[in-house]
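None of the figures in this text is laboratory data; all of them are computed from the coordinates on show. Only a predicted model underlies this, so the values are computations on that prediction, with no experimental measurement involved. Note that each Cβ is placed from the backbone with ideal geometry, even for glycine, and that neighbours are counted across all protein chains shown.
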Amino acid sequence: MATRTGSAVWEGTLERGQGNDETRRRAFEGPFSFSSRFENGKGTNPEELIGAGEAGCFLNGARGQPRKRQVIRRNESARRRQ
């Protein structure tokens, strides 16, 4: 299996600082802040990226199951609540 990496940088204090996270291939790059992590502020947060990754793994795993089980429909999506 291929190795995938990502990174995050945070500058400043917890409440007033800001950060940026990105994937190695820059398929995603976005800012995050205290407000976007712990409140309803603009931007993303690392937990959303983890949730998206887990949902993708679930969908790929479900697709690998035999068709007779009908585990997941053709264009199904998966969402994970934090």
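Suppose we filter the stretch 43-58 for residues that are exposed (fewer than 14 other Cβ atoms within 10 Å of the Cβ) and among the aliphatic types (A, V, I, L, M); how many remain?
Final tally of qualifying residues: 1.
Within the stretch 15-42, can you find the residues that are part of a loop (DSSP other than H, G, I, E, B), surrounded by 10 or more Cβ atoms within 10 Å (Cβ to Cβ) and among the hydrophobic types (A, V, I, L, M, F, W, C)?
Once the filter is applied, which keeps residues that are part of a loop (DSSP other than H, G, I, E, B), surrounded by 10 or more Cβ atoms within 10 Å (Cβ to Cβ) and among the hydrophobic types (A, V, I, L, M, F, W, C), the stretch 15-42 yields only Phe28.
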